[in-house]
Each structure stands twice: as C-alpha cells, then as structure tokens.
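Below is one structure, written out as structure tokens; comments come after it.
What follows is calculated from the coordinates using simple rules that are stated; it is not laboratory data. Bear in mind that the values here come from a model prediction, so they are computed numbers and not experimental data. A quick note on method: Cβ atoms are made from the backbone with ideal geometry, for glycine too, and the neighbour counts reach across all protein chains shown.
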Amino acid sequence: MPRNVTVGLDGSPESLAAAEWAATLGLPLTLVQVWEPVPAPMAQAPLFGPETHQHWTDRIPREAADGLRRRHPEIEVTTTQVTGHPADALIEAAKDAELLVLGSRGLGGIGGFMVGSVGLSVVAHAQRPVVLVKKDAPPATGPVVLGLDTDHPDAGLITFAFETAARRAVPLRVVHAWNPPPYIAYGTPADPALHETLLRGDAERLAEILRPWRHDFPGVEVAEQVRFGNPAVRLVDDARDASLVVVGRRTRHNPFGTHIGHVTHAALHHCAAPVAVVPHD
C-alpha cells in the first residue's frame, strides 16, 4: 500500500497550516473534511442552510487542494468528505495512512471540529501517529526533538523520530529527564555524587538504546540530553527551537477518557512546534 498522509480540514487557519506542514513531508495527501449531522430543525435555519453546506463541502476543500497543488506541484492531493462524529470519522479515515495531521485549534460551531476536546480524543484513540500543528508553527529547519522514557523505550517511536529527521535533513535531539529522588521530598539533603552517578548511568542507558538507530541512520546528526528534573518541563524547555516534537502514548484498550500521559499533554499544550504523538504498546 502506498504511503500517504491524511489531513483533517475544517477551513480554519490551523487546519490550513496543518495541510501546509503535511505537504512538506513529500507524500501524497488526502484532505478529509468531516460534516457532523445537525438536528433537522437546526438544519433549516439560515446558518445551516443549503448554501452553508455547499460552502463547507465544496469550496473550502477545493480551494485548499488547489493552493497546495500550486505550491507543491510534486505532491498528489486528493479530497474527501465524510459524515459522522468528527473524532471517530477522522480516526477511521486515517486508519491506513502514514499519519494523521490536524490543526491544534479550530473554529467554533459549524466549522470547528478541531476544538480541543476532539483533537485530544483523536490523539488518545488513534492507532496511527497524529501530528497537531498550530497556526504559527516555526519553520521546518529546527531539530526534531524526541522525548524518550529509557525505562520503556519503544522501537516504533524511535524509528518515527529518526525517519522524520532523515526525511527533513535536520538534527535529532533526544531528551530524557528524571524526577528528583523521593528522599528530597522529606527534607533529606541532596547528594550531588549520587545525582552524578544516576545521571551518568542514564546517559549510558540512552546511548545504548539509540545505538541501532544511529547505525541505521548514519546521516542523522544525533544529540543526547539527559537531565535532572520534571520530564514534562524539561521536554518543553528543550524543544523551544524544534521543528517537530515527538512523544509517545501508551495504547489503552479502554474506549473511555483521554489518557495521554502528562508529558504528552504538556507537549501538546505548551510546545510551539508541531507535536507528533506516536501510539505504542
């Protein structure tokens, strides 16, 4: 099956920025617009009338696709419209895609399926990587930043980060941080020697984890950063100049809730760069 990227399109500046970002990957794009049914009485109101429906299902995706084709003539761009609950429809539309790209915010009311709750629901339940892009995303020249838990490293997550850095010809920065030892909370004096020993051990562990990927991607410049402190805070701080932040999400089989982890949650809300969330077991 050919590789392709699915983009959620709602006509907002954020979704258009997401489509533009997706085009830089150099893969075929499918622009998906979700029309969420409204109750019959509301559908007869002027706001939801036939002209509005025609505007959202015809003009916006057509104009977005035409613009992408002009700016990226080497990219195949197709459009499709689906009906249903936005999060479910987007997840279904992207089930065979390389990844799903969404705007991180959107319009309210009729056009806005990229509001926070829907975006988080997609991230929490999609089986494919999801990238959320803000309207004023930084240029794609900065490093790819990967937040990695060395206690539970996932091969798919690491491969995604290396492949993206290689495709964009940018460096990869791998960040691992760890919280203070529990004894600090009880007022016991900190032990600098112990901290240094733990830091050195984590650095060696990280280097060992990344060794196979360094071998497979010799053209990717890799920087490893092991830091002491809150992992979420450290990742956001170390990603200030990133062009993409890559984080993982452990797969949950409970269909209810939006459990994405505090580090991923922090990256989605506080990183200026696009954030890729990669599900894994």
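With R₀ fixed at 45 Å, the C-beta to C-beta distance from R71 to D281 puts the FRET efficiency at about 0.75.
To the nearest 0.05, what FRET efficiency results for A155 and R250 with a Förster distance of 25 Å applied to their C-beta separation?
0.95
For P171, neighbours were defined as the other residues whose beta-carbon sits under 15 Å from its Cβ, and their charges (Lys and Arg +1, Asp and Glu -1) total 0. Can you tally the net charge around A272? Count Lys and Arg as +1, Asp and Glu as -1, for every other residue whose Cβ sits under 10 Å from the Cβ of A272. Net local charge, A272 excluded: 0. All other residues whose Cβ lies under 10 angstrom from that of N4 are scored, Lys and Arg at +1 and Asp and Glu at -1, for a net of -2.
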